[in-house]
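J.: Handing you a structure now.
The values are calculated or read from the model by the stated rules, or taken from the named source; none is laboratory data. The structure displayed is predicted, hence computed values, not measured ones. Positions of Cβ are generated from backbone atoms using ideal geometry, with glycine treated the same way; all protein chains shown enter the neighbour counts. For accessibility, only protein heavy atoms count, side chains too; no ligands or nucleic acids. Shrake-Rupley method; radii C 1.70, N 1.55, O 1.52, S 1.80 Å.
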Amino acid sequence: MSVALYPGSFDPVTYGHLDIIERAARVFDRVVVAVLGNPRKAPLFGEEERVAAIREAVATECAPIADRVEVATFDGLTVEFARRRGADFIVRGLRAVSDFESELQMAHTNRKMGPDVDTVFFMTALEHSYLSSSLVKEIAQLGGDVTGMVPAAVERRLAARARSV
Ligand code: PNS
């Protein structure tokens, strides 16, 4: 059985991420979406809320592949978590050339640490290639409309956050 790990901060998950999850599930038997507990930048959403949003979005918006997608949190090295989950592949999305440099560096570094785990890239769908979690958060915090950028599960959580400040 082929297992792929899709690691990220997912703060929050966007339609760009969901598209990668769906497409990875067409290639691999199982996709483990791995939510980094403590990303470098302080996250807006706690890890459990990020996990809950991804689970809800996958269940409601990617129903045909939902039973082959697992969402988990991790801390520490991605390659170590991949090994623990029996994943031979790490999946990442590439939006533009600007992503390439850092992704190439990460892929090579991960391969050095874990030669048994290979990184596979999916080109982000053109219609989502402008999306970033950081911009989505900024727009929502400034009262803008993020419809079409993030799944309903995230829109609701962003709106609740905005009301609570
Ligand atoms: O969504 P992001 O923030 O672009 O994801 C970055 C992520 C989580 C994939 C990366 O920071 C990572 O793998 N962190 C875990 C620690 C680790 O393995 N560092 C070495 C990477 S070469």
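J.: Just to be sure before I move on: is MET123 more than 14 Å from the ligand (Cβ to nearest atom), under 17 Å from ILE21 (Cβ atoms), modelled with pLDDT of 95 or more and open to solvent by less than 60 Å² (accessible area, probe 1.4 Å) in the structure I sent?
T.: The answer is no for MET123.
J.: Kindly indicate which of ALA107, ALA140, ALA96 is in contact (Cβ under 8 Å) with a residue 24 or more places away in the chain and either near the ligand (Cβ under 10 Å from one of its atoms) or not basic (Lys, Arg) (or both).
T.: ALA96
J.: Would segment 95-114 turn up any residue that is of a type in the set (S, T, N, Q), assigned to a helix (DSSP H, G or I) and touching an Asp or Glu at 6+ places or on another chain (Cβ under 6 Å)?
T.: No: segment 95-114 contains no residue that is of a type in the set (S, T, N, Q), assigned to a helix (DSSP H, G or I) and touching an Asp or Glu at 6+ places or on another chain (Cβ under 6 Å).
J.: Just to confirm my filter: which helices (runs of 4 or more DSSP H) fall fully inside segment 5-87 and include at least 3 residues that are more than 17 Å from ASN110 (Cβ to Cβ), touching a strand residue (DSSP E or B) at 6+ places or on another chain (Cβ under 6 Å) and open to solvent by 40 Å² or more (accessible area, probe 1.4 Å)?
T.: Answer list for segment 5-87: none.
J.: Let me ask something additional. Select from segment 131-156 the residues that are more than 15 Å from the chain's Cα centre (by Cα) and part of a loop (DSSP other than H, G, I, E, B) and list them in ascending order.
T.: Those that are more than 15 Å from the chain's Cα centre (by Cα) and part of a loop (DSSP other than H, G, I, E, B): LEU142, GLY143, GLY144, ASP145, VAL146, GLY148.
J.: While we're here: What are the pairs with Cβ atoms under 6 angstrom where one residue, in segment 33-44, is near the ligand (Cβ under 9 Å from one of its atoms) and the other, located anywhere, is open to solvent by 20 Å² or more (accessible area, probe 1.4 Å) and of a type in the set (Val, Ile, Thr)? Sequence gap at least six, or different chains.
T.: Going by the 6 Å Cβ cut-off, the qualifying pairs are VAL35/THR73.
J.: What is the one condition in (1) open to solvent by 40 Å² or more (accessible area, probe 1.4 Å); (2) in contact with a helix residue (DSSP H, G or I) (Cβ under 9 Å, 6 or more places away or on another chain); (3) at pLDDT 95 or above; (4) of a type outside the set (Gly, Ala, Ser) that GLN141 does not satisfy?
T.: Going through (1) open to solvent by 40 Å² or more (accessible area, probe 1.4 Å); (2) in contact with a helix residue (DSSP H, G or I) (Cβ under 9 Å, 6 or more places away or on another chain); (3) at pLDDT 95 or above; (4) of a type outside the set (Gly, Ala, Ser) one by one, GLN141 breaks only (3).
J.: Checking the condition under 20 Å from SER2 (Cα atoms), among the β-branched types (Val, Ile, Thr) and in contact (Cβ under 8 Å) with a residue 60 or more places away in the chain, which residue from ILE90, ILE65 passes?
T.: Going through ILE90, ILE65 in turn, the sole match is ILE90.
J.: Taking only segment 143-165 into account, find how many residues are within 16 Å of the ligand (Cβ to nearest atom) and farther than 19 Å from GLU48 by Cβ.
T.: 1
J.: Within segment 128-149, is even one residue over 30 Å from GLU80 (Cβ atoms) and in contact with a Ser or Thr (Cβ under 7 Å, 6 or more places away or on another chain)?
T.: Yes, segment 128-149 contains at least one residue that is over 30 Å from GLU80 (Cβ atoms) and in contact with a Ser or Thr (Cβ under 7 Å, 6 or more places away or on another chain).
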